[in-house]
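Nothing in this text is a laboratory measurement; each read-out follows from the coordinates by a stated rule. Quick caveat: nothing in here was measured; it's all calculated off a predicted structure. All Cβ positions, glycine included, derive from the backbone under ideal geometry; neighbour counts span all protein chains shown.
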Amino acid sequence: MGGFIDMQHLHDELLTHLIKTLTPAQMKQLEPHLAPLIQNAAQAIAEDLIAYAYRDPASRGRGELILESYASFKAVLYYRLAHLVWNFPDTPNGMFSRIALKLSNQGKVLSGAEIHPAARIGRRFVLDHGYGTVIGETCEIGNDCYILCGVTLGARGIANNPDGKRHPRLGNNVEVGSGARVLGYVLIGDNVFISPSCVITQDVPAGTKVKVVNQIQLQKHDESDNSKYLGAFALDERLHVVGEINTSHKVTVLDADFHPLPGLMLEPTVKERHHLQFRLHRVEPASHLPRLPLNLKVCGPEFEITLLSPPGLSAMVRHLLQASPLIVGG
């Protein structure tokens, strides 16, 4: 199929999916809107199909194969229908929003990927493999984005998140690897590459490549492979950071959700080339213990590095927060 789509066949497929998913009463509610719904959805889906066929070598450029047999594409197909229905002026009993959610859920059942019908996704979107991917209600995704399986574009909290913008906004031509998490209302610039298993909780500038290197999650603003190699560990009531670091770098302790720990201050006690040592101060009483394991973020002018669960850090901070004195490492 490649760059050619049999639009009549695609229209028939969409109508079949609607009839299989919705009740006769729901189809009757849609009847006045059915022709433009299928027409508009088919235009967007045709572009998605062509992009998938062009960018995924496993498809061998066969759009008809993707349409008929790729489970992940079902999530996108049902999203396109659901999003259009979601934006219809609703009836007093909320019929259209219920139809949209039902269509979205059917896409989830068939694909294992969940896309909220209110999410805004641009043109030529590819969800490859897709199982376990979640795209939240207020998420915005630009044109030509490519997302793999197990990706979460979600809120920073778990329950009781505030209403309003709470999900990420991705620019154009963003690629997100499997298992990555982008949490909260963060802005991901154009042409960003997010490697598998990364966790993003703050804005990422355009053209950045984010990757995990062993214990290190590295965020850079250029394409070079020259990495800043760092390590961290807690020993003898001190936090040690070693590697390519200097006193201009800012070091922050993060909880398991990658939020900065409040009420915690790091005082440098040793400043050597390739070695910084810190004493931890608890500057205010802890209302609760943070979620473990803890992580460490190191920020410099040209990069940001997250050290994942440095040895001994969680135990040292837990001891500090549970102890009555307000300092560890006197």
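How much FRET efficiency would the formula 1/(1 + (r/R0)^6) give for Ala35 and Asp12, where r is the Cβ-Cβ distance and R0 is 22 Å, rounded to 0.05? In this case the efficiency is close to 0.95. Couplings for the stretch 181-191, taken from phi via the Karplus curve 6.51 cos²θ - 1.76 cosθ + 1.60 with θ = phi - 60°, read 10, 10, 10, x, 7, 10, 9, 9, x, 5, 6 Hz in order; Gly and Pro are left as x. Taking every C-alpha pair closer than 8 Å and separated by at least 6 residues, the mean separation divided by the residue count of the stretch 132-213 gives a relative contact order of 25 percent. Computed with the Debye formula from one identical point scatterer per Cα of the stretch 237-330, without solvent, the log10 of I(q)/I(0) at q = 0.14, 0.23, 0.26 Å⁻¹ comes to -0.47, -1.27, -1.54. Extension gain for Gln202-Ala159 works out to 13.5 nm (0.36 nm per residue, less the C-alpha to C-alpha distance). Take the Cα of Leu65, step 7 Å toward its Cβ, do the same at Arg318, and the gap between the two points is 5.0 nm.
Exceedance of the 30 Å cut-off in Cα-Cα distance is limited, within the set Lys165/Lys211; Lys28/Lys74; Lys209/Lys250; Lys108/Lys297; Lys74/Lys297; Lys165/Lys297, to Lys108/Lys297; Lys74/Lys297. For the stretch 306-314, putting each phi into the Karplus relation 6.51 cos²θ - 1.76 cosθ + 1.60 with θ = phi - 60° gives couplings of 10, 8, 8, 6, x, x, x, 5, 4 Hz, in residue order, rounded to whole numbers and with x for Gly and Pro. The modelled label-to-label distance between Val270 and His288, using points 7 Å beyond Cα along the C-beta direction, is 3.6 nm.
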